[in-house]
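Student: Let me begin by handing over the structure; questions about it come next.
The values are calculated or read from the model by the stated rules, or taken from the named source; none is laboratory data. Treat the numbers as computed from the prediction; the structure is a model and nothing was measured. Here the Cβ is made from the backbone with ideal geometry for all residues, glycine too, and neighbour counts use every protein chain on show. Side chains are part of the model used for accessible areas, which takes the heavy atoms of the whole protein and leaves out ligands, DNA and RNA. Shrake-Rupley method; radii C 1.70, N 1.55, O 1.52, S 1.80 Å.
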Amino acid sequence: METLFDKLHRVDPEYYTEEYVAKLSAQLERIRSLKRKRNAVLLAHNYQRPEIFEIADFTGDSLGLSLEAGKVKSADVIVFCGVHFMAETAKIVSPDKTVLLPHLGAGCALADTANAVDLEQRITELKKQFSDLQTVCYVNTTADVKALCDACCTSSNAVSVVKAMPAKNVLFVPDQNLARHVALHVPDKNVIAWDGYCYVHHQITPESVESIRKQVPGIKVLVHPECRDDVLKLADAALSTSGMIEYAQASDAQQFLAVTECGLSDMLQINVPEKQFFRACKICRFMKMISLDDVEASLEKMQFEITLSDEVRLKAQRSLDRMFELTGGARDNLKLPAYVADE
Ligand code: 13P
Ligand code: SF4
């Protein structure tokens, strides 16, 4: 059976030395016992550090994590290893649980590009022009912003949600790249994009993807829809992080390029060891903020608790419920092409 050292060493042989993995191993045991003491479950996003996956009860993309957080029944505490808006989402769908984010610095630069005051103003202005306007927010938004929107969506169901909105004019907040991707797949709607973007995905260039494709003919290129459109055009499929893992597992291909945050490449190497993964990725400093030390301290001191006012929570919950109603928790079709050529 593969040991923890084998697994982590495969991801990064220089970082995960025998000595360091032995230290992590002892710490993982302490965290397991703290989890039992606190009756806690631990949810982790696919971009987290590999050692965090070892103590996670569930790993997934934003959609999977919000569905899983809503299903937590017997545990009292949810430790959320991801970023702040994800922990807020867990609190929205599981309000009676104590939700802990182990590091308060774990924010999201994309979520920070939209605040509630500016959004309210923009909605008011646009409604003068488009009386039917509805607002869809990407899950990478604060609870305050979700509270102002008609429906929420994630990278795995954005196309289905916008398609199902009962309005021709849809304001899409905050990611302009995802908005552009949605607009291509829902041509009968007028998708108005907010001007935010993710600094991590925005740094990935078409040249970096093309150079790997030249070196490895036949490689399957999987691109996250937060990438720029000149990168999305090069994709065999545009997928959420969990969509990429499912695609790599199901495909007959042996070589893949996951164009997104680097943690996903680590995740793929751990979960699909028989296939080969190349990298054209960048690191999200927010997603890498939580260490095992933070998780241990979080469970010891019960920090840092996520709280929301009832008013914001209930309104934000409506926009998440709408997403679940419109999609039934399902993902957009996996075979969805990344790019629809101009007619
Ligand atoms: P996923 O929902 O696809 O995991 O994406 C979350 C995210 O923050 C991407 O940058
Ligand atoms: Fe936010 Fe981008 Fe980091 Fe995802 S990768 S958490 S969108 S900053």
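Student: Sum -39500 (n - 2.57) across every DSSP H segment of at least 4 residues in the chain, then divide by the residue count to get the 222 nm mean residue ellipticity, nearest 500.
Tutor: Calculated mean residue ellipticity at 222 nm is -13000 deg cm²/dmol.
Student: Given +1 on the Cβ of Lys and Arg, -1 on the Cβ of Asp and Glu, and no further charges, what dipole in debye does segment 6-142 carry about its Cα centre, rounded to the nearest 20?
Tutor: So the dipole magnitude of segment 6-142 works out to roughly 540 debye.
Student: Quick check: net charge around Gln255, other residues with Cβ under 14 Å of its Cβ, Lys/Arg +1 and Asp/Glu -1?
Tutor: +2
Student: Quick one: what are the phi-derived ³J(HN,Hα) couplings along segment 314-324, Karplus 6.51/-1.76/1.60 with θ = phi - 60°, whole Hz, x for glycine and proline?
Tutor: With coefficients 6.51, -1.76 and 1.60, one gets 5, 5, 5, 4, 4, 6, 6, 4, 4, 4, 5 Hz.
Student: For every other residue with a beta carbon closer than 14 angstrom to the beta carbon of Arg38, add +1 if it is Lys or Arg and -1 if Asp or Glu, then tell me the sum.
Tutor: Charge balance near Arg38 sits at +2.
Student: Segment 61-91 to segment 198-216: how many Å between their Cα centroids?
Tutor: 31
Student: Same structure, new question: May I ask you to give the solvent-accessible area per residue for the chain, in square angstrom, as obtained with a 1.4 angstrom probe?
Tutor: Averaged over the residues of the chain, the accessible area is 42 Å².
Student: Mind checking which aspartates and glutamates have their Cα closer than 19 Å to the Cα of Lys7? Skip sequence neighbours fewer than 8 apart in that chain.
Tutor: Within the straight-line cut-off, Lys7 pairs with Glu18, Glu19, Glu29, Glu51, Glu54, Asp57, Asp266, Glu274.
Student: In whole Hz, with x marking every Gly and Pro, tabulate ³J(HN,Hα) for segment 107-124 from phi via Karplus 6.51 cos²θ - 1.76 cosθ + 1.60, θ = phi - 60°.
Tutor: x, 8, 4, 5, 4, 5, 7, 10, 10, 5, 5, 5, 5, 4, 5, 5, 4, 4
Student: Just Val99, Val272, Val79 to compare: in a GNM of the chain, with alpha carbon springs under 10 Å, which one fluctuates most?
Tutor: Val272
Student: Which order do the peptides 163-172, 116-125 take when ranked by the mean count of other beta-carbon atoms within 10 Å per residue, highest first?
Tutor: 163-172, 116-125
Student: Can you flag which of Lys97/Lys282; Lys37/Lys97; Lys91/Lys128; Lys35/Lys73; Lys35/Lys288; Lys168/Lys220 are past 24 Å Cα-Cα?
Tutor: Lys97/Lys282; Lys91/Lys128; Lys168/Lys220
Student: Measure out, as a whole number of angstrom, how far apart the alpha-carbon centroids of segment 235-260 and segment 283-308 sit.
Tutor: Answer, in whole Å: 29.
Student: A further question follows. At 7 Å along Cα-to-Cβ for each site, give me the label-to-label distance between Ala297 and Thr205 in nm.
Tutor: Taking the simple label geometry, Ala297 and Thr205 are separated by 3.8 nm.
Student: Something else: Tell me whether segment 1-154 comes out rounded, prolate or oblate; compute the Cα gyration tensor, take square roots of the eigenvalues as a ≥ b ≥ c, and use a/c under 1.5 as the rounded threshold.
Tutor: Prolate, since a/c reaches 1.5 and a/b exceeds b/c.
Student: While we're here: Relative contact order for the chain: what percent, with Cα pairs under 8 Å and sequence separation of 6 or more?
Tutor: This gives 21 percent for the chain.
Student: What does the net charge come to around His84 if you take all other residues with beta carbon closer than 11 Å to its beta carbon, with K and R at +1 and D and E at -1?
Tutor: Here the count lands on -1.
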